[in-house]
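Working notes for the structure below.
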Amino acid sequence: VEQGIRRCEEIKRQSTSKRLEATAMLIGGSLKAASGALDGGRAEAAAGRTLFEELGDVVWWAGTSMVLGEIELNAGANERAYELLSDGHARLAQYQETGYLSTVVGLRAQAALELGRVDEALELADETERLAQPDDFEPHARLRMVRARALGRRGEIDAADDLIREAAEIVE
């Protein structure tokens, strides 16, 4: 993490590309949040995301909701994560972009589950499955984990165990 933060700082100092600067801010902020500097990391990642918007890159702005959403999920700020991911989901859907969309929707499913919205989480997991490309492992693993946790909450332990094994196989 420390090496990544140093590299992002170096990129921000040396780059003449605003897009690269925005990426370094986004990733550096995410790393800072992960290292315990939550408020500063949030602010830096959000500033990087805002720079994408200022550059007119709506797809990257919307797609980066996955990074900010994950920061918030990791911080336990589930409502904030849900809102960020909902905005990204809506904007990406307008552009019919699917590469980022499947990951954003999968994270939104996780946020819905954290908020106790089990039915919505399962609907979003279904949407993730429809959107994800066969070789895009992250959304496939995440949707299985969301489904497993939802089924576990409903007492369907055997089905939940099967889904956890599938998710583990995908990740491995």
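Before moving on, here are some points about what is shown:
- Evaluating GLY106 against the criteria (1) more than 17 Å from the chain's Cα centre (by Cα); (2) within 29 Å of ARG49 (Cβ to Cβ) leaves one unmet condition, (1).
- The condition of being farther than 21 Å from SER86 by Cα, of a type in the set (D, E, K, R) and surrounded by 13 or more Cβ atoms within 10 Å (Cβ to Cβ) does not hold for ASP158.
- If you filter segment 16-74 down to residues that are under 22 Å from GLU114 (Cα atoms) and among the acidic types (Asp, Glu), you find that the one that is most open to solvent (accessible area, probe 1.4 Å) is ASP39.
- Unique residue being open to solvent by 10 Å² or more (accessible area, probe 1.4 Å) and in contact with a helix residue (DSSP H, G or I) (Cβ under 7 Å, 6 or more places away or on another chain) when the list is VAL146, VAL118: VAL118
- The one condition from (1) in contact with a Leu (Cβ under 8 Å, 6 or more places away or on another chain); (2) closer than 25 Å to ALA77 by Cβ that ILE11 does not meet is (2).
- Candidate set from segment 94-114 (those that are modelled with pLDDT of 95 or more and charged (D, E, K, R)); member that is surrounded by the most Cβ atoms within 10 Å (Cβ to Cβ): ARG108
- One residue from ARG130, ARG80, ARG91, ARG153 being among the charged types (D, E, K, R) and buried (at least 18 other Cβ atoms within 10 Å of the Cβ): ARG91
- Total residues in segment 135-172, condition among the basic types (Lys, Arg) and assigned to a loop (DSSP other than H, G, I, E, B): 1
The values are calculated or read from the model by the stated rules, or taken from the named source; none is laboratory data. Just so you know, these numbers come straight off a predicted model, no measurement behind them. Glycine gets a Cβ as well: all are built from the backbone with ideal geometry, and neighbour counts include every protein chain shown. The area values use the complete protein model at the heavy-atom level, side chains included, leaving out ligands, DNA and RNA. Shrake-Rupley method; radii C 1.70, N 1.55, O 1.52, S 1.80 Å.
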